[in-house]
Amino acid sequence: MDVRIVDDPARVVADLLIDVACAGGHVALAGGSTPRRAYELAAQADADLSAATLWLGDERVVPRGDDRANARMVREALTDRIPEERRPRLMEVETELGPDGAAADYESRLREELGNHPRLDLVLLGLGPDSHTASLFPGKPALSETHRLVTAVPEAGMEPQVPRVTMTYPLLNTAREVVFLVAGADKAEALRRAFGVPPDESSPAAHVRPGAGTLTLVLDQAAGEGMQP
Ligand code: 6PG
């Protein structure tokens, strides 16, 4: 595991994203608020990202265009800001199918694009104060999924209180590169639980460990307090 405590984590993540996207990679993006600036910086780079495919690590099951949708944040911060000829493809979750239908549909699209054992080139993840990541929330059945690559989360148990669709450990842990972007003092304890030695088994993020890929934490000083660089 590579721990990078830096002044501008969004810049570091934007550069990683650009590298993989320029090479035509398949990237799963994090939702929430922290990555927005990284996406904006990536959009400003004037790079040709047209060969890349962007997926969502998780989505809130809300109507298309709803301001809680992760896809909307990604469009506004990243894809809509890039001229069409250089814009990456964004694979949105079809939320109108409902949580189960949308999860099954997203999984089959992943398999269509990447084969029956899909490996993402880069997975960007965030971390919640309760140590959830993507929409893998503490104590929920999605944590025990061993077969499906994408699953429904009928009750999030946190704001926004809407069902979710999330990538599961079996998919996240086959990625070539997993990067957590975490900022703010309110995440320091969750980071220690997920990545301390030993990790706390009840932390959802503690089970994201790519077997044949790299794991990198990109942290600001406040979040990284107490983590070994
Ligand atoms: C989401 C997420 C989620 C997020 C964390 C951190 O859809 O909310 O993908 O896992 O990364 O909750 O969110 P913040 O960056 O907003 O703190």
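The values are calculated or read from the model by the stated rules, or taken from the named source; none is laboratory data. The structure presented is a predicted model; accordingly, all values stated were derived computationally and were not measured. FYI the Cβ positions are ideal-geometry reconstructions off the backbone, even for glycines, and counts take in every protein chain you see. Surface accessibility is based on the protein's heavy atoms, side chains included, excluding ligands, DNA and RNA. Shrake-Rupley method; radii C 1.70, N 1.55, O 1.52, S 1.80 Å.
Summary of computed values
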quantity	calculated
Gyration tensor (Cα) of the stretch 1-133, equivalent ellipsoid semi-axes in angstrom	22, 18, 16
With every protein chain in place, the stretch 85-160: carbon and sulfur % of accessible area (1.4 Å)	50 percent
Carbon + sulfur, % of accessible area of the stretch 1-72 - ligands and nucleic acids excluded, 1.4 Å	41 percent
Along each principal axis, Cα extent of the stretch 170-218, largest first, Å	29, 21, 16
Rg followed by Dmax, in Å, when the stretch 142-229 is reduced to its Cα trace	13.9, 37
Per residue solvent-accessible surface (Å²) - the chain, probe of 1.4 Å	43 Å²
Three-way shape call for the stretch 20-93 based on the alpha-carbon gyration tensor, with the a/c threshold at 1.5	prolate
Assigned charges on the beta-carbon of Lys, Arg, Asp, Glu; the chain dipole about Cα centre (debye)	260 debye
Loop-located GluC sites (Glu not before Pro) in the stretch 187-229, at most 14 other Cβ atoms within 10 Å (DSSP)	Glu201
Where the Cα pairs of the stretch 129-185 fall when distances are cut into 5 Å bins, in %	4, 17, 28, 24, 18, 8, 1, 0
Fraction of beta bridges assigned by DSSP in the chain that are antiparallel (%, nearest 5)	30 percent
P(r) histogram, all alpha-carbon pairs of the chain included - 10 Å bins from 0, percent	8, 36, 40, 15, 1
P(r) weight above 14 Å for the stretch 92-135, C-alpha pairs, percent	62 percent
Extension gain, Glu113 back to Glu225 (0.36 nm per residue minus Cα-Cα distance, nm)	36.3 nm
